[in-house]
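Remarks on the structure that follows.
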Amino acid sequence: MKLLILVDNNNAIAKDGDQILYIDNDLSMFREYTTGNVVIMGRITFEAIGRQLPDRISVVFTRSKKENKKDLYYVNSEEQLDELLENFEDKEIFVIGGAAIVNILWDRLDELIVTRVDTVVEGADTFIPKFDEFELIDKTEIKDKDFKVYHEIWKRVK
């Protein structure tokens, strides 16, 4: 299971319920990674996206009873998630947020795919854990007109 996320230098991911920043090249990279695969998110993240992502299997953690649709599944526990994921063993699994879901699944992550914006977002109020259990294996700069941005790959240290 992989985490695919954008952070600032303090590992902030959100401010006032919205993603901290939007980087043009990050969106196309997100699409490349996730198309044809499984994305796992919380209800708030799903509502922020505003629609089901095309050409992906979406799994939404929620306490509400919702009806599954084609390529859109709702779960309320890790057990339900595990049962569902058995059907998609041929797909890559990406956790895309928010912080509560990242924290729930943190110990299952074996890779972090991070877009790091070299800044600290004032007033950011939602953070993910530090990457202490992971080793940086690749870091490349992403072109952006406003910020220094890096694509980082982290692997869990065994």
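The values are calculated or read from the model by the stated rules, or taken from the named source; none is laboratory data. In this text the structure is predicted, and so the values were computed from the model without any measurement. All Cβ positions, even for glycine, are placed from backbone atoms using ideal geometry, and neighbour counts span all protein chains on display.
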* Asked: Of the residues ASP125, ASP71, ASP90, which is over 20 Å from GLU47 (Cα atoms) and not basic (Lys, Arg)?
  -> ASP90
* Structure fact -> If we take the stretch 1-89, then helices (runs of 4 or more DSSP H) inside it with 2 or more residues that are β-branched (Val, Ile, Thr) and more than 23 Å from LYS143 (Cβ to Cβ) are 43-49
* Going by the structure shown, is ILE104 over 18 Å from PHE30 (Cβ atoms) and either touching a Pro at 6+ places or on another chain (Cβ under 7 Å) or part of a helix (DSSP H, G or I) (or both)? -> yes
* To do: Please name all residue pairs, on different chains or six or more residues apart, with Cβ atoms under 6 Å, provided the first residue is in the stretch 124-140 and is over 20 Å from ARG108 (Cα atoms) and the second residue is in a loop (DSSP other than H, G, I, E, B) and of a type in the set (Val, Ile, Thr).
  => ALA124/ILE20
* To do: Scan (1) touching a strand residue (DSSP E or B) at 6+ places or on another chain (Cβ under 7 Å); (2) over 30 Å from LYS145 (Cβ atoms) for the single condition ILE128 breaks and write down its number.
  => (2)
* Quick check, is LEU81 of a type outside the set (Val, Ile, Thr), closer than 18 Å to PHE46 by Cα, at pLDDT 95 or above and surrounded by 15 or more Cβ atoms within 10 Å (Cβ to Cβ)? -> yes
* To do: Could you give me the residue pairs with C-beta distances under 9 Å whose first residue belongs to the stretch 92-108 and is more than 15 Å from ASP125 (Cβ to Cβ), whose second residue is among the acidic types (Asp, Glu) wherever it lies, and which are 6+ apart or on separate chains?
  => ILE104/GLU78; LEU105/GLU78; TRP106/GLU133; ASP107/GLU133; ARG108/GLU78
* Restricting the search to the stretch 110-123, which residues are in contact (Cβ under 8 Å) with a residue 60 or more places away in the chain and in a loop (DSSP other than H, G, I, E, B)? -> ASP110, ASP118, THR119, VAL120, VAL121, GLY123
* **Filter result for the condition that a residue is aliphatic (A, V, I, L, M), over 22 Å from VAL59 (Cα atoms) and surrounded by 14 or more Cβ atoms within 10 Å (Cβ to Cβ), over ILE101, ILE96, ILE142, ILE113** => ILE142
* Check the stretch 70-77 and report whether any residue there is within 28 Å of ASP132 (Cβ to Cβ), of a type outside the set (Lys, Arg), touching a residue at least 40 places away in the same chain (Cβ under 8 Å) and surrounded by fewer than 18 Cβ atoms within 10 Å (Cβ to Cβ). => no
